[in-house]
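The values are calculated or read from the model by the stated rules, or taken from the named source; none is laboratory data. Not measured: the values here are computed from a predicted model. Ideal geometry is used to build each Cβ from the backbone, glycine not excepted, and the neighbour counts take in all protein chains shown. Just so you know, the surface numbers come from the protein's heavy atoms only, side chains and all, with ligands and any DNA or RNA stripped out. Shrake-Rupley method; radii C 1.70, N 1.55, O 1.52, S 1.80 Å.
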Amino acid sequence: MIELPELVAGGLAAGTLTALALGGSLLRSRRQKAALRAEVTELRARLEGTEGAFVTEVEHLAARRMPAAAAQLAHPHLRVPGPAGQHTPGTPTGIALEYVLTALREELTAQRTRIDAAAQAGLRGATREIQAALYRLQDALRGLQQRYDDPELAQTLFALDHENEQSLRRAQVAAVVCGAWVGLAREESHVVDAVTGGQARLSGYHRVRVNNHLEPGTALVSHAVEPVAIIVAELLDNALRHSAPDTDVVVDLEHVHHGVCVTVDDAGLGMTQDERARVQRLVAGSDPILLTDLGDPPRMGLAAIGRLTRQFDLNVDVSSPSPYGGVRAVLRVDSHLLGRIDPGERPPSASAPRSTRERAVRREPVREAAGRATPVPEAPGPETPAPGIMPTGFPAVAGPAPDRAGPTAEHERTPAPGREDPGDLAGLPQRRRRTPAAAPAVPQPQPAARRPEEAAAALAALQYGTAAARAPKRASAPEPQRTDDEGGAAG
C-alpha cells in the first residue's frame, strides 16, 4: 500500500507543475498583449503620419501646384512645383494628385476656349459694323476727291483718306484674328500691286523701299490678292515700328523655285532666340489663337498673319536675322497661287516700282537710225514714291463695301493713254503718246467723268509738279502779291 506522505508529495508535485504551466501561459499572454499594444501604437503613429502627409500634399496641391498649373496654360515657360514629399511620386497618392492636375488643365483649357470663342464672336460683330462705317466714309472722301480740284483741299482729302485706310486695316486685322473673312474679293492682280497696296496702308510708307525683280506680268490669283496685301502690310508695320525712324525698310520681290518670295528687311533691334521662336509659331498658324494670349492690349498683327497663312496656304518665315541687324521676314507665295497678266493690256499701277527685268529689256536696241542701233531711253519710274504722295497700289480695303458689286483692284488706277502719269514727277505731269516721235501730239479726248482713283492720281501729280516748279522761284525772289483777279489754286 502507498503511504500517505507519498500521496501528498505526488499531489504537491502535480500542483506545482500545473502552477508553473499556468504561470508560463499567463506570462506569454502578457507578452503578446504588450507586443500587440506596441504594434497598435506603431500602426496608429504611421496612420497619423500618413494622414498628416496626405493633408500636407493636398494643401500643397491647392496652394501652389494648382495655381501654377493654371498659369502655365497662358505662360508655358512657368514650372509647376512637384509634390511636397520626396517619396510621394509614383505612389498611389502621387498618381491620384497628378490626375487631379491633368483634369484641372483639361477643364481650364475647355473653359478658356469657350470664353475666347464668345469674345471673338462679339469682337467679330463689332468690327463688322466698324468696317461698314469706314467703308461709307471712304466712299464719301473719294467722292469729294473727284468733285473738287483744289490742290490744298485734295491734299487734305488724301490725308484723311490715308487715316481712314489705317483704321480700316486695324479693323480688318481684328476681324481676321477673330475668324472673319478678309472682307474683299479682288480680281487677279500684279504681285507688285499687292505689295504696294499693303505699303499704302501704313503711316510710314515713305520709309519703305521696294525692289521689284519679278518678271513683268507676274500676278496673284484673285483669292490670294487681299491676304498677301494684309500679310505684307503687317510685316512692314512690324518692321517700321521696331526700327529707327531715319532708317529704311527694304522689300525685295524675287522669283524662287516654288513661286515668289517677298523679303522684308529692317535695321531694328532684332529679336532674341525665344522671341523669334514664339513669333515663328504665331506666323506659322499651327497653334490655336486665343485673344488672351495676345497681350493687353492685344497685338494682333502676327496672329492675323498666322490665320491667313493657314487659311490660304501661304508661308511666312522669320527664323533668320536681317543683314542690316534687324529682322528678316520672308513671305513665300507658291506657284499654284500665281498667274500671268499681260502687262501691255493691264500694266501695274503707275506708282508701283518697275521691274528690273523690264528695264533691261527697255535698254536693248529696238530701232535703227542712220544705220546704227539706237536704244530707247527708259521711262522714269522711281523706286519709291515722291514725298507727299501716297503709293497707290490698291487701298487697304479700297473698293465698295461687300454689299455692292464690281471689282475694285488697284491696277485699274493706271492712267489711260493721253492722261497724266503720276510716275513721271520730275516736273509738271507729261502726256503719254503712242504715235511716232515726229508726229504732232494730239490730245486724246477724255471721258466726261473719271474714276476717283484717276482723279486722285492726277491731282497728286499736279500738286507735286507745281510745288517742284515753284520751289526755285521762292528761293531766289519773293513771290509777288496775288491779286483777287488771279485765277488758279494756290500751291
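A few remarks follow.
- Reference-scaled alpha-carbon Rg (2.2 N^0.38 Å with N residues) for the range 269-365: 1.47
- Global form of the range 64-108, assessed from the alpha-carbon gyration tensor, a/c cut-off 1.5: oblate
- Evaluated over the Cα positions of the range 48-165, the convex hull gives a direction-averaged projected area, one quarter of its surface, of 11.3 nm².
- Normalised alpha carbon radius of gyration of the range 104-224 [divisor 2.2 N^0.38 Å]: 1.40
- Judged by the ratio a/c of the largest to the smallest principal axis of the C-alpha gyration tensor, the range 292-334 counts as oblate, that ratio being 1.5 or greater while a/b is no larger than b/c.
- Spacing of the modelled spin labels on HIS77 and ARG105, each 7 Å from Cα toward Cβ, amounts to 1.9 nm.
- Protection proxy ranking of 229-239, 138-148 - average other beta-carbon atoms within 10 Å, highest first: 229-239, 138-148
- With all projection directions averaged, the alpha carbon convex hull of the range 201-298 covers 8.3 nm².
- Calculated FRET value between ARG114 and LEU160, using beta carbons and R₀ = 41 Å, to 0.05: 0.50
- Environment charge at ALA118 (Cβ cut-off 13 Å; Lys +1, Arg +1, Asp -1, Glu -1): +2
- Comparing Cα centroids, the range 64-132 and the range 36-58 end up 35 angstrom apart.
- Loop-resident sites, the range 155-237, for chymotrypsin sites (Phe, Trp or Tyr not before Pro), counting at most 15 other Cβ within 10 Å (DSSP): TRP181
- Surface composition of the range 48-132: carbon and sulfur make up 63 percent of the accessible area, probe 1.4 Å.
- Summed over the residues of the range 56-116 and divided among them, the accessible surface reaches 65 Å² per residue at a probe radius of 1.4 Å.
- In units of the compact-protein estimate 2.2 N^0.38 Å, the range 264-317 shows a Cα radius of gyration of 1.16.
- Volume in Å³ per residue [convex hull over Cα atoms, computed for the range 165-228]: 85 Å³
- Solvent-accessible area of the range 209-258 (1.4 angstrom probe, protein heavy atoms only): carbon and sulfur portion equals 49 percent.
- Taking 7 Å steps out from each Cα toward its Cβ at ALA14 and ALA132 produces label points 11.8 nm apart.
- The range 126-219, relative contact order [Cα under 8 Å, separation at least 6], %: 29 percent
- Packing order of peptides 284-290, 254-260, highest average first: 284-290, 254-260 (average count of other Cβ atoms within 10 Å over each peptide's residues).
- Once C-alpha pairs closer than 8 Å and six or more residues apart are averaged by separation and normalised to the residue number of the range 194-262, the relative contact order reads 45 percent.
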